[in-house]
Amino acid sequence: MLLVLGIILIVGLIVSHEFGHFIVARRNGVEIEEFGIFFPPRIYSHTTKAGWVFSINALPLGGFVKLKGEHDSDREPGTYGAAKLLAKCKILLAGVTVNLITGLVLLTVLAVIGMPQVINNQYTVKSNTKLLTRRVIINDVVAGSPAAKAGLRVGDQLTGFVQSGGRGTVAITQADKLRSLTQKFAGKTVAVHYERDGKSQIVQVHFLSSNSNYELGVGTQQMNLSRSTWAAPLVALGLGGQLIIATLQGLGHSLAGLGGLIAGAVTHNTVARQNGQSAATANLTGPVGIFAILRSTSALGYQFVLFIVAYISLVLAFMNILPIPVVDGGRLYITLITRAIKRPLTAKREEAINLASVVVLLFLFVLITIADVKRFY
């Protein structure tokens, strides 16, 4: 249910982004031709009483609002092209604003009900932060290890070890202490207490000897939840800034990788091309990856699902303000530049720029989808 909820909320982010454009456009006298969820080809369409088309499409790359007369050179009343510069800026920034506010509101709510700790040195207001839970979650199971043979899975929460006969009971609250704990029971049969899907379970595991590479055979990560009250908005702003910076850094690495990929393809350097492709997709994920991430985080609780949705909302705001011609930010910058130099784009040139951008984005989408399938499946 949490997985389904996460998918619905992410689709809701797309709808709210486009609805921002929709409302602001209508308030500024620009007529709507189509409101689309995802990108064509169409799966479903319906013409409303107001005359605009609502559509659901096949490519889950976002959404769109098609305005009447979208070329900057259009001058017919009711067209986007005929709107004043301030109105165009408002329309283009509306979706970004909605996603930014949504992301910060969700982070504020999480700070109150329980904020997951997901990055190192995550921003908090120490004087107003209370630790709610400390959990150690399995994020990797070594094939053929005692953990794998016992049926432990990724997503299980380790809670404690009890040696046969009830001796040597220890609680597991810190991932970085797990190695020393497993060494304590090396070569012994241990009752491993864990939680799966909210239910407590126990399995008997015979740990390997201490001179092996692993006694239990799992990788783990720390999952803490903390709560704030009056500082919740500050936590949301601080953490939101950290997430945007991390996204910017990842995008920089991806662009460098894309450059290496193109250079390798042009020079027929297979190694450079493969390295560039790996770097270009290592820090990005698409619909396949988002589904896989939601599926795994849904087992951790609703706080983690809401966090993923909040993060995606902030990423949508950030990516749409970048100077990429086919997205809102690119169109805004092109509009401002052409106004500054007093040389508006012709409809033909504007379409050529947008087409080139779409081709590049579709190419990246294919690369990211292939990488996601390899990474998660």
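Which of the trypsin sites (Lys or Arg not before Pro) found in segment 16-80 are loop residues per DSSP with 11 or fewer other Cβ atoms within 10 Å of their Cβ?
Of the trypsin sites (Lys or Arg not before Pro), the ones in loops of segment 16-80 whose Cβ has at most 11 other Cβ atoms within 10 Å are Lys49, Arg75.
Would you list Trp52, Trp230 from fewest to most Cβ contacts within 10 Å?
Trp230, Trp52
Under a 5 Å amide H to amide H cut-off, with H placed in plane at 1.01 Å, what residues pair with Gly63 once short-range neighbours are removed?
Phe38
Quick one: which of 103-116, 286-299 comes out on top by average Cβ neighbours within 10 Å, and what's the full order, highest first?
Most protected by this proxy first, the peptides run 103-116, 286-299.
With 30 Å as the limit, write out which pairs from Lys84/Lys348; Lys348/Lys374; Lys130/Lys188; Lys130/Lys199 have Cα-Cα distances beyond it, or answer none.
Lys348/Lys374; Lys130/Lys188
Using only the alpha carbons, work out the radius of gyration and Dmax of segment 2-98 in angstrom.
Just the Cα atoms of segment 2-98 yield Rg and Dmax of 14.0, 48 Å.
How large is the convex hull of the Cα atoms of segment 290-377 per residue, expressed in Å³ as a whole number?
Per-residue hull volume (Cα only) is 89 Å³.
When Lys and Arg each count +1 and Asp and Glu each count -1, what net charge do the other residues less than 11 Å away from Lys66, Cβ to Cβ, add up to?
Around Lys66, the charge tally is -4.
In Å and from the alpha-carbon atoms only, list the Rg and Dmax of segment 77-146.
Here Rg and the maximum Cα pair distance are 22.1, 72 Å.
Quick one: length gained pulling Ile337 to Phe54 fully straight, 0.36 nm per residue minus the C-alpha distance?
Taking 0.36 nm per residue and subtracting the Cα distance, the gain is 98.6 nm.
Applying the Karplus parametrisation 6.51 cos²θ - 1.76 cosθ + 1.60 with θ = phi - 60° to the phi angles of segment 138-153, what ³J(HN,Hα) value in whole Hz is obtained for each residue in order, glycine and proline being reported as x?
6, 10, 7, 10, 6, 4, x, 7, x, 5, 5, 5, 7, x, 5, 10
Listed highest first by mean packing, meaning other Cβ atoms within 10 Å per residue, what order do 196-204, 132-140, 91-99 come in?
Taking the mean over residues of other Cβ atoms within 10 Å, the ranking is 91-99, 132-140, 196-204.
Excluding residues fewer than 8 places away in the same chain, name every one of the lysines whose C-alpha is closer than 17 Å to that of Lys90.
Candidates past the 8-residue exclusion: Lys66, Lys68.
Rank-order 57-65, 354-362 by packing density, defined as the average count of other C-beta atoms within 10 Å over each peptide's residues, highest first.
Result, highest mean Cβ count within 10 Å first: 57-65, 354-362.
In whole Å, what are the extents of segment 130-227 along the principal axes defined by its C-alpha atoms, from largest to smallest?
If we take the Cα atoms of segment 130-227, the spans are 40, 29, 24 Å.
Exposure proxy check: His206, His21, His71 ranked by fewest other beta carbons within 10 Å?
His206, His71, His21
So what's the convex hull volume per residue for the Cα atoms of the chain, in Å³?
Roughly 178 Å³ of hull volume per residue.
I want to check the label-to-label distance for Asn139 and Ile119. Put each point 7 Å from Cα in the C-beta direction and report it in nm to one decimal.
That separation, rounded to one decimal, is 1.4 nm.
Every read-out reported here was derived from the displayed coordinates using simple, explicitly stated rules and does not represent laboratory data. Just so we're clear, the structure is a prediction, and the values are computed from it rather than from any experiment. Neighbour counts run over all protein chains shown; Cβ positions are idealised from the backbone, glycine included.
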